[in-house]
Amino acid sequence: MKSDKRSNYISWNEYFMGIALLSAMRSKDPNTQVGACIIDENNKIVGIGYNGFPIGCSDDELPWCNVAASPNDTKYPYVVHAEVNAILNSNKNLKNAKIFVALFPCNECTKVIIQSGIKEIIYLSDKYADTDSVKASKKMLDLAKVKCTQFKTDLKELKINF
């Protein structure tokens, strides 16, 4: 007797974006939590990361604020972005890989993405599209022929229960 497979499973893109969003939950940033998941050409996860301070730099001793009198009193000079952490956490060649990320990459992350050989970015939000950083990102990605796709799904939520 043959049974039918379950019909309400998530797609590969939903799965990998879910991993990126779950990774973002590790971030201690009070304002912006970003996660990233890199997959190879065989849909194997080869790197994950989230935004946070470098290894060995206490998140109790560095600032988390995004506005201060001095730039060095904000988080910006210290935070490693999710995309860079995912690339650094990978132990594989990333040529032709895809990166799933919660937020469209800034220009600094874009340079690292291009240099690593990643050929596609699947992003959830482009809320900073009008900033100079993202405009520069899009220019570089276009020149480097890196495909950018906004993540689309019919799912309203993805629940994880324990």
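The values are calculated or read from the model by the stated rules, or taken from the named source; none is laboratory data. Just so it is clear, the model here is predicted, and its values are computed rather than measured. Neighbour counts are summed over all protein chains in view; Cβ atoms, including those assigned to glycine, are modelled from backbone coordinates with ideal geometry. Accessible surface is based on the protein model in full, side chains and every heavy atom, while ligands, DNA and RNA are left aside. Shrake-Rupley method; radii C 1.70, N 1.55, O 1.52, S 1.80 Å.
Among the residues in region 87-99, are any among the hydrophobic types (A, V, I, L, M, F, W, C), in contact with a strand residue (DSSP E or B) (Cβ under 9 Å, 6 or more places away or on another chain) and under 20 Å from K152 (Cβ atoms)?
First, pick out the residues of region 87-99 that are among the hydrophobic types (A, V, I, L, M, F, W, C): 87-88, 94, 97, 99.
This time we only want the ones that are in contact with a strand residue (DSSP E or B) (Cβ under 9 Å, 6 or more places away or on another chain), so: 87-88, 94, 97, 99.
From what is left, the residues that are under 20 Å from K152 (Cβ atoms) are 99.
Yes, there is a match, as at least one residue in region 87-99 is among the hydrophobic types (A, V, I, L, M, F, W, C), in contact with a strand residue (DSSP E or B) (Cβ under 9 Å, 6 or more places away or on another chain) and under 20 Å from K152 (Cβ atoms).
If you take the residues in region 1-51 that are of a type in the set (V, I, T) and within 21 Å of S116 (Cβ to Cβ), which one is surrounded by the most Cβ atoms within 10 Å (Cβ to Cβ)?
Checked region 1-51; the qualifying residue surrounded by the most Cβ atoms within 10 Å (Cβ to Cβ) is I38.
Have a look at C65, C37 and point out the one that is of a type outside the set (F, W, Y) and without any contact (Cβ under 8 Å) to a residue 60 or more places away in the chain.
One residue alone meets the criteria, C65.
Please note which helices (runs of 4 or more DSSP H) are completely contained in region 7-119 and include at least 3 residues that are touching a Gly at 6+ places or on another chain (Cβ under 8 Å) and small (G, A, S).
12-24
Among residues belonging to region 52-69 that are over 16 Å from N31 (Cβ atoms), open to solvent by less than 70 Å² (accessible area, probe 1.4 Å) and modelled with pLDDT of 95 or more, point out the one that is nearest to the chain's Cα centre (by Cα). Lay out the reasoning, then the answer.
First pass over region 52-69, keeping only residues over 16 Å from N31 (Cβ atoms): 54-58, 60-61, 69.
Next, only the ones that are open to solvent by less than 70 Å² (accessible area, probe 1.4 Å) stay: 54, 57-58.
Of the ones still in play, those that are also modelled with pLDDT of 95 or more are 54, 57.
On the way: P54: 16, C57: 21 Å.
If we take residues in region 52-69 being over 16 Å from N31 (Cβ atoms), open to solvent by less than 70 Å² (accessible area, probe 1.4 Å) and modelled with pLDDT of 95 or more, then P54 is nearest to the chain's Cα centre (by Cα).
Looking at (1) without any contact (Cβ under 8 Å) to a residue 12 or more places away in the chain; (2) among the polar types (S, T, N, Q); (3) open to solvent by less than 50 Å² (accessible area, probe 1.4 Å), which one does Q115 not meet, given that it meets all the others?
Answer for Q115: the failing condition is (3).
Restricting attention to region 139-151, and to residues there that are over 14 Å from L21 (Cα atoms) and within 16 Å of the chain's Cα centre (by Cα), which single residue is most open to solvent (accessible area, probe 1.4 Å)?
To start, the set of residues in region 139-151 that are over 14 Å from L21 (Cα atoms) comprises 139-150.
Applying the additional criterion that residues be within 16 Å of the chain's Cα centre (by Cα) yields 141, 146-150.
Details: L141: 2, V146: 14, K147: 118, C148: 55, T149: 46, Q150: 72 Å².
Looking at the filtered set, the residue picked out is K147.
In region 70-101, which residue that is among the small types (G, A, S) and open to solvent by less than 10 Å² (accessible area, probe 1.4 Å) is farthest from S58 (Cα to Cα)?
Here the residue is A97.
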